[in-house]
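Colleague: The structure is given below, and queries will be raised subsequently.
The values are calculated or read from the model by the stated rules, or taken from the named source; none is laboratory data. A quick note: this is a predicted structure, and the numbers were derived from the prediction, not measured. As a convention, Cβ positions derive from the backbone with ideal geometry for all residues, glycine included, and neighbour counts pool all protein chains shown. Please note that ligands, DNA and RNA were not included when accessible areas were found on the heavy atoms of the full protein model with its side chains. Shrake-Rupley method; radii C 1.70, N 1.55, O 1.52, S 1.80 Å.
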Amino acid sequence: MTVRVVLADDQEIVRTGLRMILNAQPGVEVIGEAADGRRAVELARRLRPDVCLLDVRMPDLDGIEATRELAGPGVADPMAVVVITTFDLDEYVYAALRAGARGFLLKDAGPALLRQAVHAAASGDALIAPNVTVRLLRAFADAEPGPPPRQPIEPLTDREEQVLAALAVGRTNDEIGAELHITLSTVKTHIASLMAKLGARNRVEVAMWAYATHRVTPH
């Protein structure tokens, strides 16, 4: 199965580089490009790609607002968005996660991590660059204003708590299955149940909930 990607960056040389990297990966095809967020949203809505890869800093509509329009609260059929940026700034990551992004990468992440992030987003997983994952989720939980975290509509089972803990520290579905000695389909079932109980749109929101409720404490 080919993962179809729309990418957006205001610098043509960056778009060219990303397109070459992605098209060279097995099972990935760039089907559209945009130089600003507004065009990216229009393209994504028309082409319905599997993944949107968006730069943060773009004219007209930045990557955060474009993410919110494609994947934010209230979007009936949210798309998978991975935000990519040159700048390792906490506020960008917080904003991207709040807006509904399934992944966050720095542009120096390299082809392998870029491919993993795209495939993860397309399959419903989420990938945040390993060098920022725990630090940023912890900071997000500490800095997030507003009411206390929502309570699950039903209590979590012991196994769901185990899956939650593994997910929150960045484990993939395969890694969770190996760690807990359960099948991949069982992992996906538990994650789907967690999302339903927590009212979460994706696994990034599940991970943020784990930190916000102090179920997981980063080392």
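Colleague: Taking the chain as a Gaussian network, Cα atoms linked when under 10 Å apart, which of ALA44, ALA120, ALA178 shows the biggest mean-square fluctuation?
Modeller: ALA178
Colleague: Each residue of the stretch 153-166 in turn: what ³J(HN,Hα) in whole Hz from Karplus with 6.51, -1.76, 1.60 and θ = phi - 60°, glycine and Pro shown as x?
Modeller: Calculated HN-Hα couplings, in order: 5, 9, x, 6, 6, 4, 5, 5, 4, 5, 5, 4, 5, 5 Hz.
Colleague: Now a separate question. Between ASP60 and LYS107, what is the label-point separation in nm under the 7 Å Cα-to-beta-carbon projection?
Modeller: Roughly 1.9 nm, to one decimal.
Colleague: I've got another one for you. Quick one: length gained pulling ILE31 to HIS181 fully straight, 0.36 nm per residue minus the C-alpha distance?
Modeller: Full extension of this stretch gives 50.2 nm more.
Colleague: Of VAL14, VAL51, VAL41, which is the most mobile in a GNM of the chain whose springs link Cα atoms less than 10 angstrom apart?
Modeller: Highest fluctuation of the listed residues: VAL14.
Colleague: Follow-up question, since we're still on this one. Within a Cβ distance under 11 Å of LEU184, other residues only, what is the Lys/Arg minus Asp/Glu net charge?
Modeller: -1
Colleague: Would you please name the trypsin sites (Lys or Arg not before Pro) within the stretch 32-72 that are DSSP coil residues with at most 16 other C-beta atoms within 10 Å of their C-beta?
Modeller: ARG57
Colleague: Running a GNM on the chain with Cα contacts under 10 Å, which residue among ASP50, ASP36, ASP174 ends up with the highest mean-square fluctuation?
Modeller: ASP174
Colleague: Starting from the 7 Å offset along Cα-to-Cβ, what nm value, one decimal, do you get for the label separation of VAL14 and ALA76?
Modeller: Placing both labels 7 Å along Cα→Cβ, they lie 3.3 nm apart.
Colleague: Could you report the chain's accessible area per residue, 1.4 Å probe, as an integer in Å²?
Modeller: 47
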